[in-house]
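The structure under discussion appears below in the form of structure tokens.
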Amino acid sequence: MSEIQRKFDAISKKYDEQRKKFIPCFDDFYGTAVSVASVDAENPSILDIGAGTGLLSAFLMERYPGASFTLIDISEKMLDVAKERFGNNSNVKYIAADYSKYDFVEKYDLVVSAVSIHHLEDEEKKELYSKSYSILKENGVFINADQVHGETPFIENLNKTTWRQRIESSGLSEEEILAGYERVKLDKDSSLAQQLDWLKEAGFCDVSCIYKYYQFAVMFGRKLDINSI
């Protein structure tokens, strides 16, 4: 993970402004993730996995102003940007650590992630989904807005070719685009079908892909209240 940490440390200050250009479906992608983050708690406890600069948490905070947030990321510099974003908000705490190895002790109403889990190997993704299930409260919700691998080589090529066309006409500088291509080399995308199966194996119910635009997908799962069975 050290190479991932190094590359995201380097882009930490410009991450947010570039994100809208690197994710052509930015508004729908993040908007959908927030729209399905529905739980019973008025002020839910929310864990943001691979939180980076706190972008997803910021959108969720608009929906749940009184929520408590825990942001975990391997890049301290990315979390420094999140700290600037949220200022002295006492409802936000930060953990600088590798979330795939971290032992969580609290339980959460929402476990969310955006554009991060695709950096893990397949087995690590499966383990993380199981861990996410175990730290969710009953009726809790898991949301992963992430990149997925194309179902076939043709679809994978279509997805990536379309993405390159979009970002190369987005207004990003050549240097920014090339740096983005370098970061992509670290990606370990898994197929959507695989990941939905892993969520089901972890114990989640109502597993679904709520939104998809080429390689960008919003995955959803819920932890059932055992008393409702």
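General remarks:
- Within the chain, helix-based [θ] at 222 nm, where runs of 4 or more DSSP H residues each add -39,500 (n - 2.57), nearest 500: -13000 deg cm²/dmol
- The amide H of Ile143, built 1.01 Å from its N in the peptide plane, has Val111, Val112, Ser113 as neighbours under 5 Å, considering only residues 5 or more places off or on other chains.
- Approximating the spin labels as points 7 Å out from Cα along Cα→Cβ, the Lys20-to-Asp80 distance works out to 2.5 nm.
- Set Lys137/Lys160; Lys101/Lys212; Lys137/Lys185; Lys83/Lys107; Lys77/Lys107 screened for pairs whose C-alpha atoms are more than 32 Å apart: Lys137/Lys160; Lys137/Lys185
- Theoretical gain in end-to-end length, Glu124 to Ser38 [0.36 nm per residue, Cα-Cα removed]: 28.3 nm
- Percent of Cα pairs exceeding the 14 Å cut-off, where the set is region 46-97: 40
- Where a label projected 7 Å from the Cα of Lys107 along Cα→Cβ would reach, residues of region 32-60 with amide N under 20 Å: 38-49
- Using only the C-alpha atoms, the convex hull of the chain corresponds to 114 Å³ per residue.
- Rg/Rh ratio calculated on Cα atoms of region 63-177 (Kirkwood radius): 1.02
A short reminder: the numbers here are calculations on the coordinates, not readings from a lab. The model shown is predicted, which means the values in this text are computed figures rather than measured ones. Neighbour counts run over all protein chains shown; Cβ positions are idealised from the backbone, glycine included.
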